[in-house]
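Colleague: Pasting a structure here, questions to come.
Every number in this text was worked out from the coordinates using simple rules, so none of it is lab data. Predicted model, so just to flag it, every value in this text is computed and none were measured. Cβ atoms come from the backbone with ideal geometry, glycine included; neighbour counts cover every protein chain shown.
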Amino acid sequence: MSTWDDLFALFLATDEGSDKTPPSLPMAEAKRLAASQHLSLREVEIEALRRQIVPERYRRNLGTVGWEGQIALLEATVAIVGAGGLGGWIIEGLARMGVGRLIIIDGDRFEENNLNRQLGCIEATLGQAKAQVLANRVAALNQATEATAHVNWLTEENGPDLLRGAQIIVDALDALPIRLALQRIAAGLDVPMVHGAIGGHYGQVMTVLPGDRGLFALYGDDGVPEHGVETELGNPAATPMMIAAWQIQEVVKLITGQGTPLQKRILMMDALAGDVTQIELD
């Protein structure tokens with residue numbers, strides 16, 4: 001294999017950029033380099049970024065996450081538990097940001113009542129496994145992102161194995177007891193968890209670091225109902241998009257080390273009233 005210096009020297013000879021605009025690596029050229037050198041597309045993109053050559057698909061990311069932040073995203077592994085209303089938009093956003101590996105866990109299949117809000121649900125995917133549909137979408141969207149689908153219901157027994165290797169776990173579930181179980185699993189793995197929940201025009205977001213009481217500070221240690229308010233209020237199309245966007249941002253902050261996570265505080269949003277409230281937690 002040619003050295004990285006040789007490969008990118010040849011490429012830079014035809015694209016010198018400018019004082020204000022870094023050289024660009026078009027997707028077709030990145031794929032050609034990967035194929036010719038028997039490398040993954042992610043490896044090529046990371047090495048380009050290390051040489052201040054921007055893969056064109058991430059150019060609009062650089063103003064926020066920067067060079068090192070984009071490399072960190074490509075090197076990261078994030079698990080999303082739940083591939084429905086929240087999970088579909090979270091998976092989409094993380095793949096577009098360039099997160100290198102996504103673990104998608106959901107035992108459910110798409111039904112007609114998912115058509116109003118769930119990204120992966122179209123008429124052609126009705127009856128198909130949510131996790132697999134979204135993993136296929138990631139493959140079509142960003143070939144540098146490896147998406148692994150687990151068509152399983154997460155439990156406290158299988159959770160540690162399914163989540164192994166994740167640097168961050170995203171709670172995109174819809175049942176309170178399993179959310180609490182997920183936090184216990186995340187704590188046992190010493191991994192942060194980004195929580196999100198929705199119901200009607202309302203939603204909430206919080207980041208739980210290992211050692212935090214997190215959801216237990218909000219709901220207590222027992223006596224939790226099986227489902228939250230979403231079973232009564234329903235979910236319009238915009239609500240999961242709104243909360244998923246905040247969860248994506250929390251994940252990006254944790255990976256890049258930029259910004260202040262929503263730790264020990266929960267952000268509660270009321271889209272109908274146009275109100276956002278922050279509640280401090282123990």
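Colleague: How high is the relative contact order of region 118-249, given as a whole-number percent (alpha carbon pairs under 8 Å, six or more residues apart)?
Modeller: Relative CO of region 118-249 lands at 20 percent.
Colleague: Going by alpha carbons, how many degrees (0 to 90, nearest 10) lie between the helix axis of 62-75 and the longest principal axis of the chain?
Modeller: It is inclined by approximately 90 degrees.
Colleague: Still on this structure, I have one more. Highest mean first, what order results for 160-173, 76-89, 49-62 on Cβ atoms within 10 Å?
Modeller: For the peptides 160-173, 76-89, 49-62, the packing ranking is 76-89, 160-173, 49-62.
Colleague: Turning to a different aspect of this structure: Using the C-alpha atoms of region 78-128, what convex hull volume per residue, in cubic angstrom, is computed?
Modeller: Normalising the Cα hull of region 78-128 by residue number yields 73 Å³.
Colleague: Also: Just need the relative contact order of the chain here, percent rounded to a whole number, with Cα pairs under 8 Å and 6+ apart.
Modeller: Worked out over the chain, it gives 16 percent.
Colleague: Taking 0.36 nm per intervening residue step and subtracting the Cα-Cα distance, what contour gain separates Asp221 from Asn152 on full extension?
Modeller: Taking Asp221 through Asn152 to full extension adds about 22.3 nm, to one decimal.
Colleague: Additional query: Efficiency by 1/(1 + (r/R0)^6): what FRET value for Glu68 and Arg164, r their Cβ-Cβ distance, R0 = 30 Å, to the nearest 0.05?
Modeller: 0.70
Colleague: For region 76-280, what value does the Rg/Rh ratio take when both radii are computed over Cα atoms and Rh is the Kirkwood radius, given to two decimals?
Modeller: 0.93
Colleague: Excluding Arg96 itself, what net charge comes from residues whose Cβ is under 13 Å from its Cβ, given Lys and Arg +1 and Asp and Glu -1?
Modeller: Local net charge: +3.
Colleague: I would also like to ask the following. Highest first, please rank the peptides 25-31, 97-103, 141-147, 123-129 by the mean number of other Cβ atoms sitting within 10 Å of their residues.
Modeller: 97-103, 141-147, 25-31, 123-129
Colleague: About the Cα centre of region 76-280, what is the dipole size in debye to 20, counting +1 per Lys and Arg Cβ and -1 per Asp and Glu Cβ, all else neutral?
Modeller: Value, rounded to 20: 680 debye.
Colleague: Mind pulling the angle between the C-alpha long axis of helix 130-141 and the longest principal axis of the chain? Nearest 10 degrees, somewhere in 0 to 90.
Modeller: With both axes taken from Cα atoms, the answer is about 20 degrees.
Colleague: Here's something else I'd like to know. Using a 10 Å cut-off on Cβ atoms, rank the peptides 207-214, 132-139 from the highest mean neighbour count down.
Modeller: Ranking the peptides 207-214, 132-139 by packing returns 132-139, 207-214.
Colleague: On to the next question. Using a cut-off of under 12 Å, list every residue of region 190-213 whose amide N is near the label point 7 Å from the Cα of Thr277 along the Cα-to-beta-carbon line.
Modeller: Residues passing the 12 Å test: 203.
Colleague: Work out Dmax and Rg for region 141-196 from the C-alpha atoms and quote the Rg first, both in angstrom.
Modeller: Rg, Dmax (Cα atoms, Å): 11.8, 35.
Colleague: Per the helix-only calculation at 222 nm, which mean residue ellipticity applies to the chain, given -39500 (n - 2.57) for every DSSP H run of n ≥ 4 and division by its residues, nearest 500 deg cm²/dmol?
Modeller: It comes out at -12000 deg cm²/dmol, rounded to the nearest 500.
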